[in-house]
Structures are given as structure tokens and as C-alpha cells.
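Below is one structure, written out as C-alpha cells; comments come after it.
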Amino acid sequence: MEIQPLAAELNEQIKISSPNTYACLSDIGKQIFFPAGILTQSGEAKKKATRFNATIGVALENKEPMYLDATKSYFNHLKPSEIFTYAPPDGLPQLRKAWKEKIVRNNPTLAGKEISLPVVTSALTHGLSLAADMFVGPDDVVIIPDKFWGTYQLIFSTRRGARLSHYPMFDSDNGFNVTALADLMKKEAKSHGKLIIVLNTPNNPTGYTPSVEECQAIFDAVREQANQGTRIVTLSDDAYFGLFYEDSTKESLFSGFCDLHENVLAVKLDAATKENFAWGFRTGFMTFGTVSKGADALYPALETKAKGLLRSTISSSNHPSQHIIARLLKDPEYQKGIDEKFQILKSRALTLKKVLADERYKDDWSYYPFNSGYFMCLKFHRVNAEQLRKYLLDKYQIGTISIGDDLRIAFSSVEEEDIEEMISLIHQAVKELS
Ligand SMILES: Cc1ncc(COP(=O)(O)O)c(C=O)c1O
């Protein structure tokens, strides 16, 4: 398909600043652009058309967006223009700026590194899907540990035709299996000039985040592969960012990838979904980072490509949610609220660990190390996980998720005082089934 002039212009800017990033773009990634159409013209009119502005497709009344009083009554503190009109396709500028400041604040090793402005997505799933549009195609391979969020299959494989390639996430010492990741990169690089590496920390479903040393080993392995000439796109899925309860790294792996090597393009996907306890808001972010010859040209070009993808799929994300999150980030009570909820979840995780340490359970199951996030997984010695799941549901009205041989337990959704009883009943069910 012929590349449109505006896309060619963006491609040129990307190629000059980072030839690797250009080479990593998928076919759609190369073709996408943001048209100088209605939104550009109405943007100009917004600044200059002080008499009459007959550009954009919203209805106005007394210079305010038209709205139903009944709808407005559900919103107490937002202005009509913050609720009813469209948000810009790439998100509210003040939210993008505030989220970037938050990313840098929460990831101290990002200090002094150049990263893009986050583009607002309709939460994290959508961000992953946009990243897949930009960088993943049918000839690609996506490297993912064997413990992973099932939706990756739909995003990368079913929709984009890429092949998922797995490595065992844990080694025999129950640490992150960096050797397996390095070996798989080497193997796949023999037939692929570009690798896409997805790392989700804290991990769904195991609740594991690597230690600082393990992260360093991951960065070394990726750098080593990039040194061989392999192009690498890292996608950091930070859905559960911040929920680090023990001795793991407290940073996103994006901080280490974003300036690792000129052959490495780092993409960070995060969201208010779980970080701000706002699952239904559908507010997320996609941020880029790489070693480049000109961040001033590269990042705006990548952001514009993302804006083109947004415009051509959902047009723009939810507007009132963005205003609420933008205000929340500046709210003096914000950090206190986050800390309080963090303590509740941490306490549940530690209680669960204490309960699981009971000798009674040692013949029933083992479990993967967990130190973060929402979940942990039990692995059974004598019963089938799916059979157990159904039995728990029918006999004890306990809901869990079976994933292959494992049973995922979301301690995020069980009160601390109920954890002991829940585990004891799972033990009872295992006894009855085996
Ligand atoms: C690892 C992981 N990534 C992404 C998501 C999706 O997040 P969002 O609801 O923001 O799309 C989830 C949610 O379940 C998840 O577990």
C-alpha cells in the first residue's frame, strides 16, 4: 500500500532520529499518520475563530456544550466542557504532563533520561493493542514468560497474527529465569531480526516482580542480544505498578530499557485502572523511550502515529475520567489515599503467606513466589486445578481461576480476615478430591 505524504514525513523524522525505531514499525505503524483534517482545522479555529466557530461536531448553547440537566446531575464538580465535549485524541495535555511527572517521580532511575510524553489510551488493554498495531505483525514473534495474562494471546496472536514464544518464568531456585529468557531470545533471533519482549511486573497471574539484581540481569541479557544486531521492542505492562510488598524492584522495567541500547525501543503501558483504583474509568497511557539522535523529533512523531491510531479506532478516550485523574494527581490527599490502600493489599498478601506456611498444607500444593500485585498461584500435587475450581465453586461457593495446572487466587478481592478460612476450605476440598 502506498505511504501517504504525512506518514512519509513522520517516518522520515523517526528514521533520522532512530533508524532502529523506524525498522521496528509494523506495516500499519509505517502507514499511520494523523490527518490535517477536521481536528487540525478546528484546533486552529479554537484559537482564532472568536466570532463564530462552526467547525466541530458538538452542539453548543450559550457557548457551552449542550447537555441534558439529568445527565449533568450525576457530576458534581466538573464543568460541562469537562464532561460532555471530546477530549483530544491523544489525551488532555495537563493529564499527560502530570502522568509523566508521576512516572518520573515513581521511577528514580529515570532521572535525566529522555522519554516521550505519555499518550492517553482507553486503559491498558487498549494501550497494548495500540502498541501491537504500531510494532507487531504476522511475521513477528512475541516473547512472553509461560505465566502470562491470557489476553496477550488475543492482542498479539489472534488479532495481529504474531507467534507467542514462551520461556519458563521461574528457575529451579524459584527466581526469575533470566537464562531461559536469554536462551529464547538467542534462538528466536536466528530467524527474526526483530523481537518483541513483553514483561508484566507485578505479574498476572503469579504476583511476582523480579529483584533489582534480576532486573539488572534482564537488562544485561537484552543488551547482549541487541549487541548482536537484533532489534528489540520491549513492552512493559505495568498494570499493577506500585503494589510492591517485599524485596522486589520498586520500579518499572521501562526505566532500564528506555536508554539501554540504540537497538532497543522501550514502550511503557500503564493505567489509572489499578494504580488509582479506577477500573471503569478506562484511562491509560503509552510512553516511549529509546536512545536516539533527536528526541525532539522522534517522540512527537511516535506520539502523532499513536494519535492517528487512536483517531482511527476509538477517536478519543473518555473525557470526564481524564479530568478526574488529572485533578486527582494534584490533590493533596492523593498519595495518602494510595498509601492506605497499598497497606490493605500488602497486609492481605503477607497474611496469605503466613497462612500458606502452615505445615498442614505442604502435601496439598506448592506455590510460585509472590511479592506484589493482586494475585498468587497454587500448584497442586494430587488434584486437577480445573476440577478443583469447579468443586470449590459448587461445594464451598469459593471462586478461583484455573490456569493450566495452577489455581489463581486474587487476594486483592478477599478481606484479610477471610483469607485463613478460604485457604483452609481449599485444603479441605483438595483432601476430598484426592
Ligand atoms: C497484566 C494485565 N495487563 C493489563 C490489564 C488490563 O488493564 P485495563 O483494565 O487497564 O485495560 C490487566 C487487567 O486485568 C492485567 O492483568
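Each value in this text was obtained by applying a stated rule to the coordinates, not by laboratory testing. What you are looking at is a predicted structure, and each value in this text was computed from that prediction instead of being measured. Glycine also receives a Cβ, built like all others from the backbone with ideal geometry; neighbour counts cover every protein chain displayed.
Exposure proxy for 64, 333: other Cβ atoms within 10 Å of each Cβ, ordered fewest to most, give 333, 64.
Modelled this way, with points 7 Å down the Cα-to-C-beta line, the labels at residue 60 and residue 427 are 6.8 nm from one another.
The spacing between the stretch 81-154 and the stretch 212-261, judged by their C-alpha centroids, is 16 Å. Peptides 191-202, 155-166, 315-326 ranked from most to least packed, by the mean per-residue count of other Cβ atoms within 10 Å: 191-202, 315-326, 155-166. The sum of -39500 (n - 2.57) across all DSSP H runs of n ≥ 4, divided by the residue count of the chain, sets its helix-only mean residue ellipticity at 222 nm to -13000 deg cm²/dmol.
Among 1, 376, a tally of other beta-carbon atoms within 10 Å of each Cβ gives an order, fewest to most, of 1, 376.
For the pair residue 418 and residue 172, a Förster radius of 56 Å applied to the C-beta separation gives a FRET efficiency near 0.95, rounded to the nearest 0.05. Look at the dipole of the chain built from charges on Cβ: of 377, 425, 95, the Cα furthest out on the positive end belongs to 95. Does the stretch 139-206 come out rounded, prolate or oblate by the C-alpha gyration tensor, with a ≥ b ≥ c the root eigenvalues, rounded set by a/c under 1.5 and, if not, prolate when a/b is larger than b/c and oblate if not? The shape class here is oblate. Under the rule a/c < 1.5 gives rounded, and otherwise a/b versus b/c splits prolate from oblate, where does the stretch 246-346 land using the Cα gyration tensor? Verdict is oblate for the stretch 246-346. Sequence-distant contacts, meaning Cα pairs under 8 Å at least 6 residues apart, place the relative contact order of the chain at 19 percent. Model label points for residue 151 and residue 101, set 7 angstrom from Cα along the Cα-to-Cβ axis, are 2.9 nm apart.
Longer than 19 Å from Cα to Cα, which of 274/341; 15/293; 274/336; 102/274; 190/268; 72/336 are they? Say none if no pair is. Distance filter (> 19 Å) returns 190/268; 72/336. Applying 0.36 nm per residue to the separation of residue 227 and residue 159 and subtracting their alpha-carbon distance, the gain on full extension is 21.4 nm.
Sparsely packed loop sites in the stretch 39-140 (the chymotrypsin sites (Phe, Trp or Tyr not before Pro) outside DSSP H, G, I, E and B with at most 14 other Cβ atoms within 10 Å) comprise 52, 74. Nearest 10 degrees is fine. How inclined is helix 295-313 to the longest principal axis of the chain, computing both from alpha carbons? Tilt of helix 295-313: around 80 degrees.
Using a cut-off of 16 Å between alpha-carbon atoms, which aspartates and glutamates can reach residue 346, once sequence neighbours fewer than 8 places away in the same chain are excluded? Within the straight-line cut-off, residue 346 pairs with 246, 247, 275, 415, 416, 417, 418, 420. A simple charge model with +1 on the Cβ of Lys and Arg, -1 on the Cβ of Asp and Glu and nothing else charged puts the dipole of the chain at about 1300 debye relative to its Cα centre. Between residue 346 and residue 359, the modelled labels are 3.2 nm apart [label points 7 Å from Cα along Cα→Cβ].
Under a model in which nothing but the beta-carbon of Lys, Arg (+1) and Asp, Glu (-1) is charged, the stretch 166-270 shows a dipole of about 540 debye around its Cα centre. Ranking 344, 232, 407 by Cα position along the charge dipole of the chain, where only Lys, Arg, Asp and Glu carry charges on their C-beta atoms, puts 232 farthest toward the positive end. Comparing 309, 181, 60 in a Gaussian network model of the chain, where Cα atoms under 10 Å apart are tied by springs, the biggest mean-square fluctuation is seen for 60. Which is farthest toward the positive dipole end of the stretch 267-312 among 267, 289, 308, measuring Cα position about the Cα centre, with Cβ charges +1 (Lys, Arg) and -1 (Asp, Glu)? In the stretch 267-312, that residue is 308.
Multiplying the residue separation of residue 327 and residue 390 by 0.36 nm and removing their Cα-Cα distance gives an extension gain of 18.3 nm. A cut-off under 14 angstrom between Cβ atoms defines the neighbours of residue 143, and their net charge, with Lys, Arg +1 and Asp, Glu -1, is +2. Does the chain come out rounded, prolate or oblate by the C-alpha gyration tensor, with a ≥ b ≥ c the root eigenvalues, rounded set by a/c under 1.5 and, if not, prolate when a/b is larger than b/c and oblate if not? Verdict is oblate for the chain.
When only the Cβ of Lys, Arg, Asp and Glu is charged (+1, +1, -1, -1), the dipole of the stretch 335-433 relative to its Cα centre reaches about 240 debye.
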